[in-house]
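Since the structure comes first, as structure tokens, the remarks are kept for the end.
The values are calculated or read from the model by the stated rules, or taken from the named source; none is laboratory data. This one's a predicted model, so the numbers in the text were calculated from it and none came from an experiment. Quick reminder, even Gly has a Cβ in these numbers, built from the backbone with ideal geometry, and neighbours come from all protein chains shown.
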Amino acid sequence: MAKTRRGRKPKTEAKSEPLAEVPEPPEDLGPYARNYWERLAPQLVELGILTPLHTDTFRVLCETWQEYRTLSQWLEADPSRMTFTTNSGYEQVTPQVTQRDKANANLQKLWAKFGLTPNALAQLGKHGGVKARGVSPLTQFAQKKYANEEGKE
């Protein structure tokens, strides 16, 4: 029987440099997905999160957003679509509600991978995944705050 070694596992993750320019959204993205790409990609590039290895996963995030928004709007247009009555008289949730909820759960997982929640962004920063170009937003805030206070004296 082989002995297992204790301690830290060696890093085996693939290295990929952050993108320097915002990639164009794929042509076949739906309107919500395209808008999401155009809104988030510049910020992810600026933070150094989006790399060539991550563009496919980012595409999936955008497509999942498309699915979530489309289903949400369809359900919001007629709230009675959320349930239906079966032949035996039971009220059940429609498959579209289940699909929307599944898309939401997938969004939660994907948002965490790109630091799109406060906790996830902090975790990425803690592990060296966020490399903001230039001065960080927090540093900019602090500089403005203290510059304003010095001007008041």
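Answer yes if at least one residue in the stretch 45-61 is in contact with a Leu (Cβ under 7 Å, 6 or more places away or on another chain), surrounded by 15 or more Cβ atoms within 10 Å (Cβ to Cβ) and at pLDDT 95 or above, and no otherwise.
yes
Anything in the stretch 30-44 that is closer than 16 Å to LYS113 by Cβ and either surrounded by 18 or more Cβ atoms within 10 Å (Cβ to Cβ) or modelled with pLDDT of 95 or more (or both)? List them, or say none. Walk me through it before giving the result.
Start the filter on the stretch 30-44 by keeping residues that are closer than 16 Å to LYS113 by Cβ, which leaves 36-37, 40-41, 43-44.
Hits for the stretch 30-44 are TYR36, TRP37, LEU40, ALA41, LEU44.
Would it be correct to say that ALA122 is of a type in the set (Gly, Ala, Ser), within 19 Å of the chain's Cα centre (by Cα) and exposed (fewer than 15 other Cβ atoms within 10 Å of the Cβ)? Outline the logic, then answer.
On the way: of a type in the set (Gly, Ala, Ser): yes; within 19 Å of the chain's Cα centre (by Cα): yes; exposed (fewer than 15 other Cβ atoms within 10 Å of the Cβ): yes.
Spelling it out, ALA122 is indeed of a type in the set (Gly, Ala, Ser), within 19 Å of the chain's Cα centre (by Cα) and exposed (fewer than 15 other Cβ atoms within 10 Å of the Cβ).
Okay, residues lined up against (1) buried (at least 16 other Cβ atoms within 10 Å of the Cβ); (2) on the phi > 0 side of the Ramachandran plot; (3) modelled with pLDDT of 95 or more:
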position	(1), (2), (3)
TRP74	no, no, yes
LYS109	no, no, yes
PHE114	yes, no, no
PRO118	no, no, no
GLY129	yes, no, no
SER136	no, no, no
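What pairs come up if the first residue lies in the stretch 24-44 and is in contact (Cβ under 8 Å) with a residue 40 or more places away in the chain, the second is of a type outside the set (A, V, I, L, M), and their beta carbons are under 7 Å apart, counting only those six or more places apart or on different chains?
GLY30/GLN66; LEU44/PHE114
From the set of residues in the stretch 83-119 that are of a type in the set (A, V, I, L, M, F, W, C), touching a strand residue (DSSP E or B) at 6+ places or on another chain (Cβ under 9 Å) and not in a helix (DSSP H, G or I), which is farthest from GLN66 (Cα to Cα)?
Step one: list which residues in the stretch 83-119 are of a type in the set (A, V, I, L, M, F, W, C), which gives 84, 93, 97, 103, 105, 107, 110-112, 114, 116.
Applying the additional criterion that residues be touching a strand residue (DSSP E or B) at 6+ places or on another chain (Cβ under 9 Å) yields 84, 93, 97.
Going one step further and asking which of them are not in a helix (DSSP H, G or I), we end up with 84, 93.
On the way: PHE84: 25, VAL93: 21 Å.
Of everything passing the filter in the stretch 83-119, PHE84 is farthest from GLN66 (Cα to Cα).
Quick one: is THR86 over 14 Å from the mean Cα position of the chain (by Cα) and among the β-branched types (Val, Ile, Thr)? Break it down stepwise before answering.
Working: over 14 Å from the mean Cα position of the chain (by Cα): yes; among the β-branched types (Val, Ile, Thr): yes.
Yes.
If I go through the stretch 64-100 residue by residue, how many of them are in contact (Cβ under 8 Å) with a residue 12 or more places away in the chain and of a type in the set (Gly, Ala, Ser)?
Qualifying residue count, the stretch 64-100: 1.
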